[in-house]
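Reviewing the structure listed below.
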Amino acid sequence: MDTGLFNTVRDSLAGVSNDRRIKVILIAFVFGALLEATAGFGTPVAITSSLMAGLGFEPLYAAALALLANTAPVAFGGFGIPILTRATVAGLDTQELSQMVGRQTPLLALVIPGMLVTVMSGFRRMLEVWPLVVVSSLAFAGTQFVVSNLLGPDLTDLLAALVAVVTEIGLLSFWRPSTEWHFENEPSADERESYDTPPLGRTLYAWSPFIIIVALFLLMQVPSIKAAVSSMQIAINFPTAAVSETTGLPAVPWPGLNEVVEQQPPVVSEPAPYAASLTTNWLSAAGTIILIADIIAWPSCGSGRVEP
């Protein structure tokens, strides 16, 4: 089933400008961060590099740019899974770890857009698009810092990417570089393929799955809803189990493993048995929320035309 909505997402990014410097920031950095936030595990590099190759970038060159652009978003990964996993395995507080990482990666995000353009076109050509470089850097890094420190790791990259793309589109609505930059081996302007920006309604329609995911994750941060979901998980899964102090989830000792292995310094300050327990957050897990968002978006996004 091909609804053509992914092409709309592509055109909404590519149609903003034919300038390669603008495209690499919008696609490799911002759209790549959005894909990292919602999928991770190599997806952003694979999709953005293919997308840029289809728009005229050399394939290997596009892959290298996509890898470089993914430097800042990858720390939080898909819905904060690297942070959540690390906190669980090491027995750390998730929010404190999110804050620690969120005070370092924004520094990378501040330099990545400018570095992308410099690597591709040189420092002087980068200065020609400095307003876009500054706006994209500050929008992404600032949002990443605020969200990671206040809300946690789940929505850090997703909200940072959405804020960045909105601010960049807003800037490009009244500002453009004085000259349009292309690779030397590209065909002339008359022979290059151009992409028109889709209508606003269809653009929002194509981006709606991402918007729905953000809305659901924000709802899960409301204290009353979060407490209700947690109570449901405890009541349905393990009504008599103890609740883990680290995760707040019901924890059941793992037979044959719990307190059998001994942890040693420097992992812990003193030797102690390792408490291996089974916990589950199936109702509030990122995968469940994505599934719910897919179900909500499916009736509209699945009503497209069928193409071979």
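Each reported figure results from applying straightforward, stated rules to the coordinates on display, with no laboratory input. Given the structure is predicted, the values throughout are model-derived calculations rather than measurements. Cβ sites come from the backbone with ideal geometry, for glycine too, and all protein chains shown count toward neighbours.
The figures follow:
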read-out	value
The range 5-200 - charge dipole about Cα centre, Lys and Arg +1 at Cβ, Asp and Glu -1, debye rounded to 20	380
Principal axis dimensions, the range 1-71 - Cα atoms, whole angstrom, descending	30, 28, 18
Most to least packed among 50-57, 219-226, 91-98 [average Cβ atoms within 10 Å]	50-57, 91-98, 219-226
Among 76-85, 124-133, the order from most to least packed when residues are scored by Cβ within 10 Å on average	76-85, 124-133
Mean Cβ neighbour count within 10 Å, used as a protection proxy, ranking 100-107, 260-267 highest first	100-107, 260-267
Two-decimal Rg to Rh for the range 5-200 - Kirkwood Rh, Cα set	0.99
